1. In debye, nearest 20: dipole of the range 18-89 around its Cα centre with unit charges on the Cβ of K, R (+) and D, E (-)?
2. Of all beta bridges DSSP finds with both residues in the chain, what is the antiparallel percent, to the nearest 5?
3. Compute the distance in nm between two label points, each set 7 Å from the Cα along the Cα-to-Cβ direction, one at Asn211 and one at Asp97.
4. Just to be sure I understand the curve: with the Debye formula and one point per C-alpha of the range 1-132, what is log10 I(q)/I(0) at q = 0.15, 0.22 Å⁻¹?
5. Would you calculate the separation in nanometres between label points at Glu28 and Ala127, each defined as 7 Å from the Cα along the Cα-to-beta-carbon direction?
6. If you stretched the chain out fully between Thr136 and Glu181, how much longer would it get, using 0.36 nm times the residue separation minus the C-alpha to C-alpha distance?
7. Most mobile of Ala78, Ala50, Ala146 per a Gaussian network model of the chain (Cα springs, under 10 Å)?
8. Picking from Ala127, Ile214, Gly39, whose Cα lies most toward the positive end of the charge dipole for the chain (charges on Cβ: Lys, Arg +1; Asp, Glu -1)?
Amino acid sequence: MNVLEVDNISVRYGDIQALWDVGFGVREGQLVTILGTNGAGKTTTLKTIAGVLQPFSGNVRFNGSLISGLPAHEVADAGISLVPEGRQLFPQLNVEDNLRMGSYLKRTKVRRDQNLKSVYNLFPVLAERKKQEAQTLSGGEQQMLAIGRALMQDPKLIMFDEPSLGLAPILVQEVFNIIRELSRQGRTILLVEQNVHQALKISDYCYVLENGRIVHEGTGKDLEQDPKVREAYLGI
Ligand SMILES: Nc1ncnc2c1ncn2[C@@H]1O[C@H](COP(=O)(O)OP(=O)(O)OP(=O)(O)O)[C@@H](O)[C@H]1O
Ligand SMILES: [Mg+2]
């Protein structure tokens, strides 16, 4: 059964339609990726799932319950966390305070210390820098902090919006390693990426979004071998 079911959502910003009947599912424990170039509608899709935007048609279900129509904080409370594009940390707060901001929900406040420990276990560099202002961290460390903050919410589904964007190649690899590790731990993940090579390698299933519509889907291996995908996205 799909944990997340996105059922033919259409979304517009004023007069501009950004998504046309986008539908897909994510099963428990799966790592599903949405690929697409700039402006394809990737962020719009994640924001709609997160309750930041509302579809004008179609709906979103999570664990069988309708979540489209709910405000973002209720979607978060239901167990969906978004690691946003550009990280959106609190630049002048230190690492630990940024992490603590992640456990603002009543259900996660009680587990704050325990979750802090597990985030520091996963990212020892954050423990070393817990009193350092977020804005002074390197790009890779900031991405770890953004991921750590999402984990503080005890998510049942974690969504990443282009986590490797703007990072040096070695850090890109590190971010993909982290996502792969979270996936190995059994977490359910929805990833949005433009780094097609890396994303296809780690995904159980992928969807390709173009101009607000899903145009291809398949396992990472299938898409890697699909001539259309190779030509359009892999340059081969
Ligand atoms: N606030 C907004 N107002 C009007 N149009 C918007 C708004 N946000 C996004 N759009 C438009 O919706 C379309 C999809 O944008 P979206 O941000 O979802 O793309 P994306 O796939 O995430 O792109 P990128 O890879 O550049 O982040 C684009 O044409 C964009 O110009
Ligand atoms: Mg985007």
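Read the figures in this text as sums done on the coordinates, not as results from a lab. Worth saying up front: this structure is predicted, and the values here are computed from it rather than measured. When we count neighbours, we look across all protein chains shown, and the Cβ atoms used for this are built from the backbone with ideal geometry, even at glycine.
1. Dipole size: approximately 140 debye.
2. Percent antiparallel among DSSP bridges in the chain is about 55.
3. If labels sit at Asn211 and Asp97, their model points lie 4.8 nm apart.
4. Summing over Cα pairs of the range 1-132 leads to -0.85, -1.30.
5. Taking the two extended label points, one gets 3.1 nm.
6. Between Thr136 and Glu181, full extension yields 13.6 nm more.
7. Taking springs between Cα atoms under 10 Å, the residue moving most is Ala78.
8. Ala127
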